[in-house]
Amino acid sequence: MNFLERFLIDLESWPGSAIFRLALGLSILPIFRALSADRDSVWTFLALFIGLLVLLRVVPAVLRRVLPFSDGAKKLWAERRNIAKRHDSYQWQKLFWIGLGLFPYAFISDGLRNGELAVTLFCLIGGTAGLLFWRRVDATRSAT
């Protein structure tokens with residue numbers, strides 16, 4: 001595998017995936033506030049967040065089709081997609097790290113606005129549940 005493939009694979013492996021999503025969470029509020037002209041709208045923030053989640057699914061899919069990746073990388077990504085299809089907690093746990101990145105804004109800047117707070121709590125609560133369920137599923141998978 002070349003450097004780019006190794007980097008992308010590590011970005012979706014522990015601890016790279018947690019660091020990536022934490023950094024993503026930290027960058028969301030400044031970007032979303034700039035995109036929304038700093039308006040405090042629950043619906044605008046929610047729409048931007050859903051758009052981000054869609055992009056997190058679509059961009060890798062497009063890159064996998066457009067760029068010439070090795071068979072090993074394609075196989076690993078296919079295995080991960082199959083795991084995600086079978087276990088919702090695999091996807092939900094990723095929200096925990098995004099929520100953890102959003103959380104510091106509750107204490108800095110001008111705090112979290114209503115939509116930001118709702119999405120942060122959703123990510124933290126749903127992500128924590130997903131993380132706990134995924135750890136149990138992953139332990140079971142590893143034991144077999």
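The values are calculated or read from the model by the stated rules, or taken from the named source; none is laboratory data. This structure is a prediction, so every number in the text was calculated from the model and none was measured. Because the Cβ atoms are built from the backbone with ideal geometry, glycine has one as well, and the counts that use them run over all protein chains shown.
Just a few scattered comments:
- Matching residues, segment 106-132, being closer than 16 Å to T44 by Cβ and at pLDDT below 90: L112, R113, N114, G115
- Taking every residue in segment 107-124 that is under 21 Å from L52 (Cα atoms) and pairing it with any residue that is surrounded by fewer than 17 Cβ atoms within 10 Å (Cβ to Cβ) and of a type in the set (A, V, I, L, M), at least 6 positions away or on another chain, the pairs with Cβ-Cβ distances below 6 Å are L112/A106; N114/V42; G115/V42; G115/L46.
- Here segment 24-57 is the region considered, the condition is being in a helix (DSSP H, G or I) and polar (S, T, N, Q), and the residue that is farthest from V119 (Cα to Cα) is S27.
For every residue, the table says whether it meets (1) surrounded by 11 or more Cβ atoms within 10 Å (Cβ to Cβ); (2) within 15 Å of G25 (Cα to Cα); (3) out of contact with any Cys (no Cβ under 7 Å at 6 or more places or on another chain).
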position	(1), (2), (3)
A106	yes, yes, yes
D110	no, no, yes
N114	yes, no, yes
L117	yes, yes, yes
C123	yes, yes, yes
G130	yes, no, yes
R135	yes, no, yes
A143	no, no, yes
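- The helices (runs of 4 or more DSSP H) falling completely within segment 58-144 that include 3 or more residues that are within 16 Å of the chain's Cα centre (by Cα) and under 23 Å from F7 (Cα atoms) map to 71-86, 88-102.
- Here the condition is being surrounded by fewer than 13 Cβ atoms within 10 Å (Cβ to Cβ) and within 21 Å of L100 (Cβ to Cβ); of L26, L46, L55, L22, it holds for L55 alone.
- Segment 5-19: number of residues that are closer than 17 Å to W77 by Cβ and without any contact (Cβ under 8 Å) to a residue 40 or more places away in the chain: 7
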